[in-house]
Amino acid sequence: MVSGHPDNPASSQPCAAGPRLNLLLSYAGWHPDPWVDRLPRLLEPMGVISHRAGSGKQAQDVIKSVPIHIAVVDLGLPLDVAAGPAPELEEGGARLLELLHRMTTPPPTVVVKRARSARDDHREMAQALRLGAFAVVDRPHDANDLNVLLEVLRRCLCRFYQGRWPGGVSPT
């Protein structure tokens, strides 16, 4: 199922039966045509089921309900959409990364960093890699950035699943 709006991760549409890879997409941006809306449309025909989360709480709910094979973690993710002050809002991405890392079988993780100072970037990248991130990318803003993310996801699939969906079925 492809989740609907990030504020309503339970909304979904049915998917054809067959091999599938569950992709967790967390997103903390506010743009008119965000990459997180375009990515599922590109991946769904290949059997990738995108599960969207707009907060750390929503991501945790997704993780509890479906096996996640690859996770895209936005470090700017709020902990909860109903949370209070801004500094606490940004803890959701880091906490989600820690949660995934502590799983019995952690999924490969691609981290989307937020635009910050070089010092903060370095600290966040080091933490993400220490927690087992496969890659750290800039937040996609245009088609070129989206292609970079797609290439990282392709490499992730090749490295962790030898180019096959979990369960051994080839996506092509």
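Here are a few things to note about the model shown:
- Spin-label pair Asn144/Glu91, simplified geometry with 7 Å Cα→Cβ offset, distance in nm: 3.8 nm
- Under-5 Å amide H pairs with His141, H placed in peptide plane, nonlocal only: Leu146
- Spacing of the two label points (7 Å from each Cα toward its C-beta) at Arg155 and Asp61, in nm: 3.4 nm
- Taking other C-beta atoms within 10 Å as the exposure proxy, Arg164, Arg41 rank Arg41, Arg164 from fewest upward.
- Rounded to the nearest 20 debye, the dipole size of the stretch 20-161 about its Cα centre is 460 debye, using +1 on the Cβ of Lys and Arg and -1 on the Cβ of Asp and Glu.
- Shape call, the stretch 20-161: gyration tensor on alpha carbons, a/c limit 1.5: rounded
All of the numbers you see were taken from the coordinates with simple rules; none came from a lab. None of these values were measured; they are calculated from a predicted model. As a convention, Cβ positions derive from the backbone with ideal geometry for all residues, glycine included, and neighbour counts pool all protein chains shown.
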